[in-house]
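Undergrad: Below is the structure I would like to discuss, written out as structure tokens.
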Amino acid sequence: MEIIGQITREIESINGVKLIGVEPGRAANRTVVTFAGTPDAVCEAAFNMVKIASELIDMRKHHGEHPRFGAIDVLPLIPLYGITMEETVELTRELGKRIGEELGIPFYCYEFAAFEEKRRNLASCRAGEYENLPQKLTDPQWKPDFGPASFTTKVAQTGAIALGARNILLAYNVNLNTKSAQIASEIAAEVREKGTPKRNGNMPHGDIIKDERGKTIFDPGLLKGVKGIGWYIEDYGIAQCSYNITDLEKTSIEQVFETTCERAEAHGIKVTGSELIGLIPLQAILNAGTYFLKKQHRSTDISMEEILQVAIDSLGLAELAPFNPKKKIIEFLIDKEKKSQLTDLSVKEYVEQTAAPTPLPAGGSASATIAALGTALGTMVANILHKKNGDESSETKFSALSKKGKELITKLLKLCNDDSEAYRQLMNALALPQGTTHEKQLRLENLATTAKSATEIPLELMKTGVSALKMLILMAEDGPASTLADTATGAIALCAAVRSSAITIRANAPLFHDKELIYSIINEAICIENKAIELEKQALAIVNRRLDEKGIITL
């Protein structure tokens with residue numbers, strides 16, 4: 001671990017980078033290191049990491065269960081937010097070029113950074129592993145994208161690196177109650193997208209069928225965006241199906257778990273739990289918890305912490321080692337290092353900060369907060385109805401409304417933070433110097449950019465507010481009499497937030513200096529505002545009618 005410590009200290013020495021995960025695997029003789037930060041800082045940390053690792057690790061002495069062909073082996077750059085995949089690809093290739101030229105290490109670009117289709121797949125780049133590298137480097141078909149195309153003394157020590165730009169990947173192992181690596185391999189092959197080798201007579205041990213070029217023909221597996229192998233882990237005394245889930249949009253972690261359970265049963269064994277290597281996005285594990293709650297016929301109307309625990313228990317993520325969400329979920333690790341946002345403040349702190357003699361937080365953030373509270377009141381009524389109604393169709397209806405309400409609240413709270421940041425940037429642009437023609441042009445360009453956010457955010461708030469008002473009308477009609485005042489308060493708050501956002505747009509739109517665009521934006525805002533006023537009237541009319549029916553005096 002001393003070598004790993006030296007490498008991670010090099011990463012942590014770079015300003016703007018946060019080391020968020022170090023997971024050594026003894027049997028695989030492999031450590032997963034995860035760090036995040038600004039693009040330039042991450043690239044600098046990655047370069048330094050490669051440099052020191054190439055000095056400390058000798059591939060001529062390395063052995064392990066996991067496929068590998070270099071000391072660093074795989075180095076993916078993953079865009080989280082604020083950067084596109086195209087920009088990430090450009091950074092990846094620049095980093096590869098620098099490492100190849102300055103450090104003399106061969107590089108293969110894979111996934112989105114690949115220069116040709118056959119190199120998109122990591123397994124193709126790493127085929128033959130370290131032992132076959134002398135032949136691979138001299139093969140014209142597999143000449144490295146960067147670095148030396150020969151097995152130099154330096155390369156003999158460092159091996160090669162697969163450098164990629166890709167989306168988030170889950171390294172996920174499913175535990176089996178067997179020691180048979182063969183059975184684990186068969187199950188993994190049945191589950192993974194690539195599938196199993198086609199055999200004569202479809203017999204398990206029949207001869208493998210190959211095409212005219214001598215390549216194995218495969219029967220497709222059950223799940224898209226999944227790679228998998230089977231192995232035996234001596235430290236645990238069990239076999240595992242070891243997966244890479246490369247596309248969470250196509251296949252979720254719970255699908256991989258459940259499908260492995262089904263195939264394990266078909267092989268006469270059982271899944272006992274699972275293991276997450278590295279980190280997981282918050283939404284991915286929340287989705288898993290929600291799936292298992294529904295499968296168990298339990299309400300999903302519980303706290304985030306409870307949903308996470310259901311996912312951890314149902315997937316058996318703590319079978320081999322404790323699973324701490326605060327150390328395994330990406331957002332939890334990154335958010336700890338973020339500058340405090342408005343939505344991180346207590347109500348008292350937020351109000352006091354708004355009252356302070358500073359321009360931030362301003363009306364836009366206040367409108368988003370008010371809209372979130374109005375939506376929360378409607379969501380509260382939906383949750384009450386969801387619990388109250390035993391009828392399955394009603395339960396589904398109100399559960400869907402509750403879910404919709406939570407999504408709208410999340411969006412509005414984000415808009416609260418976004419508006420504050422947009423207004424800060426707008427003030428910075430307004431303060432730019434105007435002494436020379438060049439300075440004036442730069443100021444105008446900055447104003448045009450910031451004005452876009454300063455109008456788009458309140459416009460999105462207005463649209464979201466209208467969606468929430470439509471939900472409030474349903475709650476006014478179906479909610480218990482005891483919640484009528486809550487529903488009315490929510491509708492009034494939402495309409496106020498929408499109307500104040502319309503005024504914000506009227507104030508900021510003239511910064512565009514394009515009359516047609518200004519009129520277009522303001523007219524769109526007016527239309528949405530009128531719609532909100534009409535919806536508020538509908539909601540209050542229903543509330544007052546129901547109060548009259550109860551014999552309560554309506555003002």
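Read-outs: derived from the displayed coordinates by stated rules, not from any lab. Nothing here was measured: the structure is a model prediction, and the numbers come from that model. Note that we place each Cβ from the backbone using ideal geometry, even for glycine, and neighbour counts take in every protein chain shown.
Undergrad: Using the count of nearby Cβ atoms within 10 Å as a rough guide to exposure, how do 333, 279 rank from fewest to most?
TA: Going from sparsest to densest Cβ surroundings: 333, 279.
Undergrad: Same structure again: Would you calculate a helix-derived [θ] at 222 nm for the chain, using -39,500 (n - 2.57) for each DSSP H run of n ≥ 4 and dividing by the full residue count, to the nearest 500?
TA: Value at 222 nm, helices only: -18000 deg cm²/dmol.
Undergrad: Note down the relative contact order for region 342-549 as a percent, whole number, built from C-alpha pairs under 8 angstrom at least six residues apart.
TA: Reported as a whole number, the value is 26 percent.
Undergrad: In whole percent, what relative contact order does region 170-335 give with Cα contacts below 8 Å and a gap of six or more residues?
TA: Relative contact order here is 25 percent.
Undergrad: Also: What share of all Cα pairs of region 268-310, in percent, falls into each consecutive 5 Å distance bin?
TA: All Cα pairs, binned at 5 Å, distribute as 5, 19, 26, 21, 16, 9, 3, 0 percent.
Undergrad: Next question. Let me know the number of lysine pairs in region 2-165 closer than 25 Å at the Cα, not counting same-chain pairs under 8 apart.
TA: 18
Undergrad: Run through the DSSP bridge list for the chain and note the antiparallel percent, rounded to the nearest 5.
TA: Around 75 percent antiparallel, to the nearest 5.
Undergrad: If you don't mind, there's one more thing I want to ask. Quick one: which of 224/452; 294/328; 326/397; 411/531; 397/463 span more than 27 angstrom between C-alpha atoms?
TA: Distance filter (> 27 Å) returns 224/452; 326/397.
Undergrad: So what are the radius of gyration and Dmax for the Cα set of the chain, in Å?
TA: 28.5, 92
Undergrad: Related question: Which number comes out as Rg/Rh for region 170-335 once both Rg and the Kirkwood Rh are worked out on C-alpha atoms?
TA: We get a ratio of 1.02 for region 170-335.
Undergrad: For residue 109, enumerate residues with amide H under 5 Å from its amide H, sequence gap 5+ or separate chain, H modeled in the peptide plane.
TA: HN-HN under 5 Å from residue 109: 115, 145, 163.
Undergrad: Taking the Cα centre of the chain as the origin and placing charges on Cβ (Lys, Arg +1; Asp, Glu -1), which of 104, 398, 492 is farthest toward the positive end of the dipole?
TA: Of 104, 398, 492, it is 398.
Undergrad: Determine the gain in length on full extension of the stretch residue 102-residue 345; use 0.36 nm per residue of separation and subtract their C-alpha separation, reporting nm with one decimal.
TA: Gain on extension, residue 102 to residue 345, equals 82.8 nm.
Undergrad: Hey, another quick one. Rounding to the nearest 10 and keeping the result within 0 to 90°, find how far the Cα-based axis of helix 304-315 lies from the longest principal axis of the chain.
TA: Approximately 30 degrees, to the nearest 10.
Undergrad: Starting with the fewest neighbours, write out 445, 529 ranked by other beta-carbon atoms found within 10 Å of each beta-carbon.
TA: Final ranking by Cβ density, sparse to dense: 445, 529.
Undergrad: Quick check of the Kirkwood formula: for region 342-549, what is the inverse mean of 1/r over all pairs of different Cα atoms, in Å?
TA: That comes to 18.3 Å for region 342-549.
Undergrad: Under the Karplus relation 6.51 cos²θ - 1.76 cosθ + 1.60, θ = phi - 60°, what is the ordered set of whole-Hz ³J(HN,Hα) values for region 459-465, x standing for Gly and Pro?
TA: Each residue of region 459-465 in turn: 5, 5, 4, 4, 5, 5, x Hz.
Undergrad: Separate question: For region 224-287, what is one quarter of the convex hull surface built on the Cα atoms, given in nm²?
TA: Hull-based average projected area comes out at 4.8 nm².
Undergrad: Could you line up 301, 40, 211, 419 from fewest to most neighbouring Cβ atoms inside 10 Å?
TA: Fewest to most other Cβ atoms nearby, the residues stand as 211, 40, 301, 419.
Undergrad: Run the dipole for region 348-470 about the Cα centre, Lys and Arg Cβ at +1, Asp and Glu Cβ at -1, nothing else charged, and hand back the magnitude in debye, nearest 20.
TA: About 280 debye.
Undergrad: So if I place +1 on the C-beta of Lys and Arg and -1 on the C-beta of Asp and Glu, and nothing else carries charge, what would the dipole magnitude of the chain be about its Cα centre? I want it in debye, nearest 20.
TA: In debye, rounded to 20, the chain gives about 260.
Undergrad: Would you pull out the residues with amide H under 5 Å of residue 73's amide H, same chain only if 5 or more places away, H placed 1.01 Å from N?
TA: Distant-sequence amide H within range of residue 73: 162.
Undergrad: In addition: What does the convex hull of the alpha-carbon atoms of region 152-245 project to on average, in nm²?
TA: That works out to 9.5 nm², a quarter of the Cα hull's surface.
Undergrad: Do any trypsin sites (Lys or Arg not before Pro) in region 213-255 lie in a DSSP loop with no more than 15 other beta carbon atoms within 10 Å, and if so, which?
TA: Within region 213-255, the qualifying trypsin sites (Lys or Arg not before Pro) (loop, at most 15 other Cβ atoms within 10 Å) are 213, 215, 224, 250.
Undergrad: Report the longest stretch of the chain that contains none of the chymotrypsin sites (Phe, Trp or Tyr not before Pro) sitting in a DSSP loop with at most 14 other Cβ atoms within 10 Å.
TA: The longest uninterrupted stretch comes out as 116-555.
Undergrad: About its Cα centre, what dipole magnitude does region 170-335 give when the only charges are +1 on Lys and Arg Cβ and -1 on Asp and Glu Cβ, stated in debye to the nearest 20?
TA: 420
Undergrad: What translational D, rounded to a whole number of µm²/s, comes out for region 1-143 from Stokes-Einstein when the hydrodynamic radius is the Kirkwood one over Cα pairs, at 25 °C and 0.890 mPa s?
TA: Translational D for this selection: 153 µm²/s.
Undergrad: Given a cut-off of under 8 Å on Cα pairs at least six residues apart, what relative contact order in percent is computed for the chain?
TA: Once divided by the residue count of the chain, the mean separation gives 9 percent.
Undergrad: Among 435, 281, 363, which residue has its Cα furthest toward the positive end of the charge dipole of the chain, with +1 on Lys/Arg Cβ and -1 on Asp/Glu Cβ?
TA: Most positive-ward Cα: 281.
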